[in-house]
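Heads up: the structure comes next, in structure tokens.
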Amino acid sequence: MDFLDNHILPQSAHHIVLLRYILMLTLVILVPYLSFITGASLISLFLRKKGPEAGEGKYYKLAKDFADLAAFNKSLPLALGVVPMLSAVFCYAQLLHLSGSSVPGYLLLSLILFLVAAGLLSLYKHSFHFTDLFTYLGKEEIKSEEYKREIASYKFSMGGMFASTGFYGVIFLLVATYIFVGAIQLASQTDKVAEANDFLLLLFSFDTITYYIQFLFLAITLASLVMLYYYFRPSSEQKKLVSEEYAEYVKKFSLSTGLVSMLIIPIFLVANILSKSDVALTGSIFFAGIFVFFLLVMLSNLFYLMLRNNHTKHITSATFLMLLFLVVFVMKDQFAFNTATKDQYIQLVENYEIKHAEFLAEFGLGGEVISGADIYNGKCVACHQFDKKVVGPPYNETLPKYEGDVDKLANFILNPVKINPEYPAMPNQGLKPAEAKAVAEYIIQTYQPEAK
Ligand code: HEC
């Protein structure tokens, strides 16, 4: 990603830490959103394949509900998908600057695929509503044969579009999320990147595969939970709009699907933590892993209770637990990333320091400030005191003639010449012009002639 690399400003240590927090925050939004939309559209497609072509069947209706949630409105994919993805690209580009990593590039690829998927899924959702409309119209007593035929043919072509938008939407989404997951896993595999083709590593590393399976089951769990929350949260009006029988079906389906998928997550959670490279492992990852596991156990308990007693009383607590789970789940991987990029961090800070010094120098502010006092104490004090003769003459005697002409004094210090026959010649001190000038200024200001 030379293009991105050229547009990076070197970051100071503080900024890098800040960027890491921003990245974590971004992923706390992005991972759950991508996961949810993947889960909802997968379930929708599955139910649609299961149910009859069109009509009022419960499969069909729930498929429509999931499609509606997945493509809730047009601004959601922008706010929770596109913007955080761009922010992630930006953060990774900064944090992996100079490492030659392709992670930001892969994330951009994933973003493009996601946009296509979001468009298709929005069409998929609309095609449900159109199909319903045509089904309804088909039932009406319409006299004109022509209209009837037209309605039938539209319904038919709608059906075709319906099937394909959903299918391709899900395919694009799966590829987009796979590359996304691969890229964020790749970012932590700093030890392997150098020696391998990183796109293959992204696609086939054990990290990516285990994380992605986790992600998919999380997706199903999350979509089921959101559906439950949508219908059964205490303040929801939604339940009143549907038949008792359908509400019962939504409850049973979402609770059991959610429960089964969340029970599979721990297996891949453990596998993913164990698959992490040594460079990424620290105690905090294990700790976060155990915490996440614990939250899952509590969550599945709540789901089990609700399923067994056939109610949805714990839906608010379950939602809260899920949110907590998602935050820790994402943080755990960012710990791994931070640990794995420790060397990279040091390199970036060093690079910043060099660039910063160059930048200051450009404006004449550069370099270290040379202190005349330091040079005097380091180099001259061995032979000179202000008021006593040592090897050389006391400054209080020799400096009055340089009063008002610091440059001349600096010149002498730079290239000492023989002056007073009572003393040996002063050896050259090997100072730079700026240093000679600084020490000259210092001694001129400090000495005390009798008259001063
Ligand atoms: C190794 C001893 C030695 C060191 C170190 C030394 N000087 Fe001298 N310096 C002398 C001697 C000896 C003279 C007298 C030389 C002469 O008169 O020819 C002298 C003379 C001078 C004079 C008087 C020149 C004049 O016009 O009479 C100045 C000013 C001076 N030194 C500044 C410095 C400064 C500033 C440093 C530190 C960067 C320094 N010296 C380090 C030995 C030293």
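The numbers here are math on the coordinates, done by the rules we state, and not lab data. Model, not experiment: these values are computed from the prediction. Every residue, glycine as well, gets a Cβ built from its backbone with ideal geometry; the counts of neighbours run over all protein chains shown.
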Phi-based couplings in Hz for the stretch 342-353 (Karplus 6.51, -1.76, 1.60; Gly and Pro marked x): 4, 5, 4, 4, 4, 4, 5, 5, 4, 4, 4, 4
Rounded to 10°, Cα long-axis angle of helix 206-232 versus longest principal axis of the chain: 60 degrees
As computed over the stretch 133-270, the Cα convex hull volume per residue (Å³): 151 Å³
Sequence of 292, 439 once ranked by neighbouring C-beta atoms within 10 Å, starting from the fewest: 292, 439
Sites residue 137 and residue 82, calculated FRET efficiency, Cβ-Cβ separation with R0 35 Å, nearest 0.05: 0.45
Reduced Cα scattering model of the stretch 372-446, Debye log10 I(q)/I(0), q = 0.13, 0.17, 0.22 Å⁻¹: -0.32, -0.58, -1.04
Acute angle (nearest 10 degrees) that the helix 145-186 long axis makes with the longest principal axis of the chain, alpha-carbon atoms: 30 degrees
Ranked 20, 308, criterion: other C-beta atoms within 10 Å, fewest first: 308, 20
Contour excess over end-to-end distance, with Cα ends at residue 73 and residue 252 and 0.36 nm allotted per residue: 61.8 nm
Cα long-axis angle, helix 244-275 against the chain (0 to 90 degrees, to the nearest 10): 40 degrees
Gain on full stretching of the segment that runs from residue 129 to residue 415 - 0.36 nm per residue minus C-alpha separation: 93.8 nm
Estimated 222 nm signal from helices in the chain, with DSSP H stretches of n ≥ 4 weighted -39500 (n - 2.57), rounded to 500: -24000 deg cm²/dmol
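Quick one: length gained pulling residue 242 to residue 324 fully straight, 0.36 nm per residue minus the C-alpha distance?
Working: separation 82, 0.36 × 82 = 29.52 nm, distance 3.10 nm.
Gain on stretching residue 242 to residue 324: 26.4 nm.
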Eligible lysines near residue 432 by straight Cα distance, threshold 28 Å, same-chain separation 8 or greater: 355, 379, 388, 389, 401, 408, 418
FRET E, pair residue 355, residue 147, Förster distance 56 Å, beta-carbon r, rounded to 0.05: 0.20
Surface/4 estimate of mean projected area, convex hull on alpha-carbon atoms of the stretch 2-355, nm²: 19.8 nm²
Prolate/oblate/rounded call for the stretch 214-266, Cα gyration tensor, a/c under 1.5 rounded: prolate
Hz values of 3J(HN,Hα) by residue in the stretch 287-301 - Karplus curve (6.51, -1.76, 1.60), Gly and Pro given as x: 4, 4, x, 5, 4, 4, 4, 4, 4, 5, 4, 5, 5, 5, 4
Cβ-based exposure ranking for 74, 125, in which fewest neighbours within 10 Å come first: 74, 125
Relative contact order (percent, whole number), the chain, Cα cutoff 8 Å, 6+ residue spacing: 15 percent
Pairwise FRET efficiency - residue 304 versus residue 116, Cβ, R0 = 51 Å, nearest 0.05: 0.85
Nearby lysines by direct alpha-carbon distance to residue 64 (threshold 30 angstrom, same-chain neighbours under 8 apart not counted): 49, 50, 74, 125, 139, 148, 155, 239, 240, 251, 252, 313
J(HN,Hα) series, the stretch 128-139, from Karplus relation 6.51 cos²θ - 1.76 cosθ + 1.60, nearest Hz, glycine and proline x: 4, 5, 5, 4, 4, 4, 5, 4, 4, 4, x, 7
